[in-house]
Amino acid sequence: ENLLALDYPPEKVEIVIASDASTDRTNALVAGVAAREPRVRLLDCPRGGKVAAQDSAVRESSAEVVAFSDGNATWAPDALRHLVANLADPDVAYVCGQLRLETAAGSNREGTYWRYEMKLREAESRLGSITGGNGSIYAVRRGDYVEVDPRGGHDLSFPYRMVQAGRRAVFEPAAHAF
């Protein structure tokens with residue numbers, strides 16, 4: 001529901017929920033939304049971890065830009081716009097947003113270290129490229145997406161791999177996930 005409410009042209013949004021052999025109600029909940037919303041579909045993957053599920057979802061999508069979130073994150077309505085705007089720069093292949101940590105009641109509980117980490121990403125981005133991303137909110141040009149070892153994650157491997165390929169990985173502080 002959160003992703004369906006994004007302030008982004010609806011015809012450009014395809015939501016693929018990659019369920020990593022979920023044993024909770026994920027599949028049933030997604031099926032209920034998909035029955036009334038054609039932009040949503042469930043990809044029921046065998047247990048393989050987050051990265052393997054993401055790889056499967058990218059293979060099943062035809063989008064020019066693929067964006068990723070975590071099951072426990074919600075996005076600000078303008079988050080996708082902020083992420084994609086960075087991809088207007090042809091040198092940028094990857095962009096991550098800012099995760100704002102909250103308690104279940106909604107209050108911000110960001111610690112000193114997390115605030116430091118966000119400032120570090122801003123500085124790295126201004127200098128050219130970040131060294132670490134955030135799995136709760138990021139986007140990659142489809143042509144730059146690479147399948148990495150599924151035992152790892154995209155947070156560290158994608159920025160590194162983009163720079164290796166001569167591209168940039170940047171931080172967009174205005175793109176918020178909660």
ask   = without any contact (Cβ under 8 Å) to a residue 60 or more places away in the chain and either over 30 Å from Thr131 (Cα atoms) or open to solvent by less than 30 Å² (accessible area, probe 1.4 Å) (or both) - does that describe any residue in the range 75-97?
value = yes
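Per-residue answers, yes or no, for (1) assigned to a helix (DSSP H, G or I); (2) over 17 Å from the mean Cα position of the chain (by Cα); (3) under 21 Å from Ser157 (Cα atoms); (4) among the acidic types (Asp, Glu):
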{"site": "Leu29", "(1), (2), (3), (4)": "yes, yes, no, no"}
{"site": "Ala35", "(1), (2), (3), (4)": "yes, yes, no, no"}
{"site": "Gly48", "(1), (2), (3), (4)": "no, yes, yes, no"}
{"site": "Ala53", "(1), (2), (3), (4)": "yes, no, yes, no"}
{"site": "Val58", "(1), (2), (3), (4)": "yes, no, yes, no"}
{"site": "Gly97", "(1), (2), (3), (4)": "no, no, yes, no"}
task = Looking only at the range 133-143, decide whether some residue is part of a helix (DSSP H, G or I), under 25 Å from Ser61 (Cβ atoms) and open to solvent by 30 Å² or more (accessible area, probe 1.4 Å).
result = yes
query = When both residues are 6+ apart or on different chains and their Cβ atoms are under 6 Å apart, which pairs have a first residue that lies in the range 149-176 and is more than 23 Å from Leu101 (Cα to Cα), and a second that is at pLDDT 95 or above and assigned to a strand (DSSP E or B)?
reply = Met162/Ala93; Met162/Tyr94; Met162/Ala169; Arg167/Ala93; Arg168/Val92
query = Taking the range 33-55, which residues are of a type outside the set (Gly, Ala, Ser), touching a Pro at 6+ places or on another chain (Cβ under 9 Å) and surrounded by fewer than 16 Cβ atoms within 10 Å (Cβ to Cβ)?
reply = Arg39
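The values are calculated or read from the model by the stated rules, or taken from the named source; none is laboratory data. Note that the coordinates shown come from a computational prediction; the quantities given were computed from them, not determined experimentally. Note: ideal-geometry Cβ built from the backbone for every residue, glycine included; neighbour counts use all protein chains shown. Heads up: the accessible areas ignore ligands, DNA and RNA and are worked out on the full protein's heavy atoms, side chains in. Shrake-Rupley method; radii C 1.70, N 1.55, O 1.52, S 1.80 Å.
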